[in-house]
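A short worksheet on the structure shown next.
The values are calculated or read from the model by the stated rules, or taken from the named source; none is laboratory data. Predicted model, so just to flag it, every value in this text is computed and none were measured. Using ideal geometry, Cβ is built from the backbone for each residue, glycine included, and neighbour counts are taken over all protein chains shown.
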Amino acid sequence: MKPTYRLNEFAKLINRSVKTLQKLDRMGKFKAHRTATNRRYYTHNQYLEYMGIAKNNTKKKFIVYYRVSSASQKNDMQSQRQAIETFCTACGLAIDEWLYDIGSGLNYKRKKFLKLMDLVEAGEVSTLIIAHKDRLVRFGFEWFQYFCEKHGTEIVI
């Protein structure tokens, strides 16, 4: 997650023009912060505010996600969970929520996967722990990693 954004970065992020942001700042409707050299910049909290994502004061969650492709692989699901439990115990991590799916890594409509993405987008997840990259998604892991970073979530594999 990037804690601050330059004016042009923030404009791209929220799909507005630089001139619109300058105008909103002058009018006092959406005030920018200023650097020592009087340059405008915005914070991630302002991004969340603009997007309508309520910033709550609750503690961010540690979430584990694991998946298998079919019901016949339930043994693998158990071994994934045990490996992650061992890792979390060794690192002293207290897990707030365990999410798992049975379905293809190419299927982006998995129920718990969608719940996970909503939680990440809302800024409620501090750390996402997975056993392997392909347990989250089969292809395009880098995009999901970028998405998580943009919303303040660290992925631990």
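Couple of notes before you dig in:
- Scanning the range 1-37 for residues that are touching a Ser or Thr at 6+ places or on another chain (Cβ under 7 Å) and among the small types (Gly, Ala, Ser) yields one hit, Ala11.
- Pairs meeting the criteria (first residue in the range 25-47 and free of Cβ contacts under 8 Å to residues at least 60 places away in the same chain, second residue among the β-branched types (Val, Ile, Thr) and assigned to a strand (DSSP E or B), beta carbons under 9 Å, at least 6 apart or on different chains) are His33/Thr4; His33/Thr43; Tyr41/Thr4; Tyr42/Thr4; Thr43/Thr4.
- Among residues of the range 118-150, those that are at pLDDT 85 or above, over 16 Å from Ala94 (Cα atoms) and touching a Gly at 6+ places or on another chain (Cβ under 9 Å), counted: 1
- Considered as a group, the residues in the range 25-47 that are touching a Lys or Arg at 6+ places or on another chain (Cβ under 8 Å) and surrounded by fewer than 17 Cβ atoms within 10 Å (Cβ to Cβ) include one that is nearest to Glu149 (Cα to Cα), and that residue is Asn45.
- The residues of the range 1-22 that are surrounded by 13 or more Cβ atoms within 10 Å (Cβ to Cβ), closer than 13 Å to His33 by Cα and under 17 Å from the mean Cα position of the chain (by Cα) amount to a single one, Thr4.
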